[in-house]
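As structure tokens, the structure follows; a few thoughts come after it.
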Amino acid sequence: EDDEEEEEDEEDEGEEEEEPLRKKVKRKKSRAKKKLKLPKSKRPNLRHCLKLLKQLMKEADAEPFLEPVDAEGLGLTDYYEEVKHPMDLGTIHEALQGGKIVGWDNIKYKSPLDFKQDVQLVWKNCRSYNDQPEDAWIREMSDNCERSFDAMWKEHKFDLYYEMTAENEEEEEEEEEEVVVKPSRKLKKKKKKKKKADVKKRKREKKAKKVKQKKLKKGPHTSEKSVEGDVVEKVLTDEEVKQMFDLKPNARCPVCKVQKKGSCGTETSPLRCFRRQFEGLPYTPLSTSEMHKFASMVVNRQKNKIPRTPKKTKEEIRRIQLDKKITRKKEDAEKAFVRVGEAEKELLVLEEIVKAMEVREMEIRRGEEERWSLREKRTKFVTCGGDAPPLRVPDAIMGLGSHFF
């Protein structure tokens, strides 16, 4: 009957017309001005910063700020305590100079504003440490350098560029408006699916309740295995529950065993503690179903407890550690033996290669010696005495010159 009523309710809901949804939507209104874009050649970059820094370092007042402060040489023991981030123009120059070699994208500074922060840190450190009236001279020098830096910053038109970018940013305002949204086909389908899923859940819950009620009415049951397989659940009888709640003088009640809050029968124990009523403390009485519930939880916990392994003594732990070390060393020794065998095989191969090379060298030498001996046999040297006449060219051949010329 309940299922039929639910189906009728679903049909009535499907027949009803779906009203249009009203939603509050945030809409952004942009009041953006036209952006003034500069070409890349005119935009300030780190190369311009390097030129500016070189001009600044040439000034007379910039001498004390060209190198890092030598605190040990000047006897300033408390310098690094007060100045936690020391900075000078020389280190900034080195960082910018590296951009030519490494590339401008791979250095410390990513924009001219980062460069400006470090330069301003130099003047800030000078003022914070030299705050005594005796140090007025170096403060004046830092002020003069700062003024010249600001003037150069304006000359290179860094200020104009960053002012333009700040003005060109959009100022957005959010306004809430009620917008009528008509449900689409996809939304209708989703709603129908949700309704069907809710109905199925309700049916399952009702079936589960009916099964539980039937089990309670039947009374005692034999031990049953749950879906997991290993866990055993037992349903207790009324007599067994009464025995559980007949407490011994020092025993805890089943409620305290389950909840594990405070000591049983005291103010720290839960309000449903069975021993509180005997001690004159405020007590919330338990129904029979709750008593069954707590008693069965205690019994099933004791049955399904996983047996703990006994704790190992120090000697056993030490033996296990030594066994592990021995096994590791044995494995290392086996690996070493394998390496030695491989090395010996490589040695034998190398020796064979060397012997073959020596034989080949001997063959080459013998062949060269045989060739030299053959050459000596074939060559015949002519011996001429001291009375040999000189070579003379015939007159007929010498007269050829007059014939041609």
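What follows draws every value from the coordinates through simple rules; no lab data is involved. No experiment lies behind these values; they were computed from the predicted model shown. All Cβ positions, even for glycine, are placed from backbone atoms using ideal geometry, and neighbour counts span all protein chains on display.
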Whole-Hz couplings from phi, Karplus 6.51/-1.76/1.60, listed for the stretch 289-297; x for Gly and Pro:
5, 5, 4, 4, 4, 5, 5, 5, 5
So residue 161 and residue 207, fully extended at 0.36 nm per residue minus their Cα-Cα distance, gain in nm 9.1 nm
Two pseudo-spin positions, 7 Å from Cα along C-beta at residue 131 and at residue 114, lie apart in nanometres by 3.1
State which entries of 206/242; 214/260; 51/157 exceed 22 angstrom in Cα-Cα distance in the structure shown.
206/242; 214/260
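What length, rounded to one decimal in nm, is gained on full extension from residue 57 through to residue 247, with 0.36 nm per residue of separation minus their alpha-carbon distance? Mind dumping the intermediate values first?
Details: separation 190, 0.36 × 190 = 68.40 nm, distance 9.24 nm.
Result for the pair: 59.2 nm of gain on full extension.
Once the Cβ-Cβ distance between residue 335 and residue 94 is put in as r, and R0 is 60 Å, what FRET efficiency do you end up with, to the nearest 0.05?
On the way: r = 51 Å, r/R0 = 0.85.
Between residue 335 and residue 94 the formula returns 0.70.
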For the pair residue 375/residue 357, report the inter-label distance in nm, with labels modelled 7 Å from Cα in the Cβ direction.
2.7
To the nearest 0.05, how large is the calculated FRET efficiency for residue 197 and residue 312 if R₀ is 60 Å and r is the Cβ-Cβ distance?
0.70
Going down the list 84/110; 110/154; 196/293; 330/355; 210/257; 84/108, which pairs span over 26 Å between their C-alpha atoms?
196/293; 330/355; 210/257
Could you check the simple spin-label distance between residue 344 and residue 260, using points 7 Å along Cα→Cβ, in nm with one decimal?
6.2
